[in-house]
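Note sheet for the following structure.
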Amino acid sequence: MPKTEIDLPYRVEYLSILDQHGEVDKNLEPDIPDELLLKLHRAMMMGRRLDERLLQLQRQGRMGTFAPIIGQEAAQIGAVATLEPSDWFVPAFREMAAELWRGKKIEHVILLYAGYNEGGEIHSDLNNLPVAIPVGSQILHAVGLSYAMKYRKKKEVAMVFFGDGATSQGDFHEALNFAGVFQTPTVFVCQNNHWAISLPRARQTRSKTLAQKALAYGAPGIQVDGNDVLAVYTAAKEAVERARAGGGPTMIECLTYRMSVHTTADDPKRYRKEEEVKEWLGRDALIRFQKYLKNKGLLSDDQLEALEEEIKEEIKTAVDETEKRMKELGNPLDMFEHLYAELPPYLREQRRELELELQEAGK
Ligand SMILES: Cc1ncc(C[n+]2csc(CCOP(=O)(O)OP(=O)(O)O)c2C)c(N)n1
Ligand SMILES: [Mg+2]
């Protein structure tokens with residue numbers, strides 16, 4: 001018997017609609033209402049400007065460690081914009097722009113990164129999971145949520161975000177396998193920003209794409225230009241619609257770049273070349289989208305300037321109000337709450353000791 005080729009049901013496509021020069025492929029251009037296009041743009045701008053402000057606050061010692069999103073605005077907003085509020089949004093730890101889209105307040109972003117419990121408050125009216133620091137752990141949670149949606153015969157889907165590094169975790173593979181077998185309504189959004197702290201994408205896997213990993217689990221995988229909000233939106237919309245219609249999971253690999261530090265505790269100059277960063281500067285997601293909106297007559301220089309002002313003002317008000325609120329929060333004794341229903345004796349002892357110290361210091 002001769003060897004024959006097995007005809008696999010999926011191939012991996014690459015989707016790019018708005019190139020880095022702002023030129024749009026008319027055949028692929030999605031039909032997005034003007035109002036939504038401007039909303040996507042505002043959300044991307046807000047993500048970038050808040051990111052810049054948070055970095056300043058951290059450098060001034062007014063906030064703790066955080067993971068900047070700069071460069072990844074299109075991958076986040078393009079994907080999350082295809083969800084309904086009743087769908088589930090499951091972030092990793094670098095999705096601030098998407099979190100704001102899903103209703104998280106700037107105040108909560110700052111409080112969380114400044115170390116206040118209140119920043120991690122669960123809002124039961126929002127179908128969002130909190131930030132997940134253990135790499136890849138949230139992918140399982142998203143599959144569990146979407147399995148529950150299917151079990152309850154609801155039409156909701158779960159969209160989960162993770163990085164290129166997370167695809168090396170067992171959790172990622174278990175989650176995809178379960179999603180494939182049980183055809184859960186899950187959309188896996190991999191933000192391949194080319195780095196996992198100091199480990200480059202090439203050291204993560206020998207595979208040509210990350211999207212192809214879905215194929216082994218019987219799910220479609222697509223690679224998109226993650227700095228092209230139109231491409232991300234198009235791919236995510238198709239994936240969400242398929243999941244909602246009972247067609248099972250999809251993985252979307254967004255090719256993007258981590259323009260800044262891994263976290264504010266990192267110095268990328270020690271492990272990557274400046275030329276690489278410069279190359280990606282030319283592929284900026286915001287600039288090309290602004291060109292597109294200007295060409296469509298939806299955005300003028302004056303409107304852009306006014307929007308910059310409006311966003312600056314919104315951030316300033318949020319920072320001022322949050323810092324005012326911080327003065328009333330942050331009892332150090334809070335650290336003993338929420339882990340045990342009843343504190344073990346050694347922690348009770350430590351709590352008492354700290355309480356006395358605080359009293360003595362007049363705090
Ligand atoms: C299970 C686990 N191992 C290691 C870490 C330390 N760590 C934090 S982020 C990170 C890299 C993640 O890379 P990637 O998934 O590409 O996401 P990115 O940071 O690029 O957004 C590592 C190793 C962790 N938080 N959790
Ligand atoms: Mg990464």
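The values are calculated or read from the model by the stated rules, or taken from the named source; none is laboratory data. Computed from a prediction, not measured in an experiment: that's the story for all the values here. Cβ placement follows ideal geometry from the backbone for every residue including glycine, while neighbour counts extend to all protein chains displayed.
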Subset of segment 237-259 [surrounded by 19 or more Cβ atoms within 10 Å (Cβ to Cβ), among the small types (Gly, Ala, Ser) and not in a helix (DSSP H, G or I)]: 248
Somewhere in segment 198-218, is a residue within 15 Å of the chain's Cα centre (by Cα) and closer than 21 Å to residue 75 by Cα? no
Just wondering, is there one or more residues in segment 209-223 that are within 16 Å of ligand 2 (Cβ to nearest atom), assigned by TED's automatic domain parsing to the domain that holds residue 147 and closer than 26 Å to residue 85 by Cβ? no
So which helices (runs of 4 or more DSSP H) are wholly in segment 63-164 and hold at least 2 residues that are within 16 Å of ligand 2 (Cβ to nearest atom)? 73-80, 96-101, 137-151
Name the residues in segment 288-311 that are part of a helix (DSSP H, G or I) and more than 13 Å from residue 42 (Cβ to Cβ), would you? 288, 291, 292, 294, 295, 301, 302, 305
Being farther than 16 Å from residue 246 by Cβ and in contact (Cβ under 8 Å) with a residue 24 or more places away in the chain: is that true of residue 179 here? no
In segment 310-326, residue surrounded by the fewest Cβ atoms within 10 Å (Cβ to Cβ) [restricted to those that are closer than 17 Å to residue 60 by Cα and of a type in the set (Lys, Arg)]: 324
Of all residues in segment 45-69, which are touching a Gly at 6+ places or on another chain (Cβ under 8 Å) and either surrounded by fewer than 21 Cβ atoms within 10 Å (Cβ to Cβ) or not assigned by TED's automatic domain parsing to the domain that holds residue 256 (or both)? 58, 64
Yes or no: segment 214-224 includes at least one residue that is in contact (Cβ under 8 Å) with a residue 12 or more places away in the chain, buried (at least 24 other Cβ atoms within 10 Å of the Cβ), touching a helix residue (DSSP H, G or I) at 6+ places or on another chain (Cβ under 7 Å) and under 25 Å from residue 274 (Cα atoms). yes
Could you identify the single residue in 177, 193 that is more than 16 Å from ligand 1 (Cβ to nearest atom), in the same structural domain as residue 145 (by TED's automatic domain parsing), polar (S, T, N, Q) and under 22 Å from residue 141 (Cβ atoms)? 177
Give the residues of segment 125-142 that are within 11 Å of ligand 1 (Cβ to nearest atom), closer than 16 Å to residue 99 by Cβ and surrounded by fewer than 17 Cβ atoms within 10 Å (Cβ to Cβ), sorted by residue number. 133
Taking only segment 197-235 into account, find how many residues are within 21 Å of residue 159 (Cα to Cα), hydrophobic (A, V, I, L, M, F, W, C) and not in a helix (DSSP H, G or I). 4
Using the structure shown, decide if residue 42 is among the basic types (Lys, Arg), touching an Asp or Glu at 6+ places or on another chain (Cβ under 8 Å) and assigned by TED's automatic domain parsing to the domain that holds residue 75. no
Give just the number: which of (1) over 21 Å from residue 260 (Cα atoms); (2) within 13 Å of ligand 2 (Cβ to nearest atom); (3) touching a residue at least 60 places away in the same chain (Cβ under 8 Å) does residue 189 not satisfy? (1)
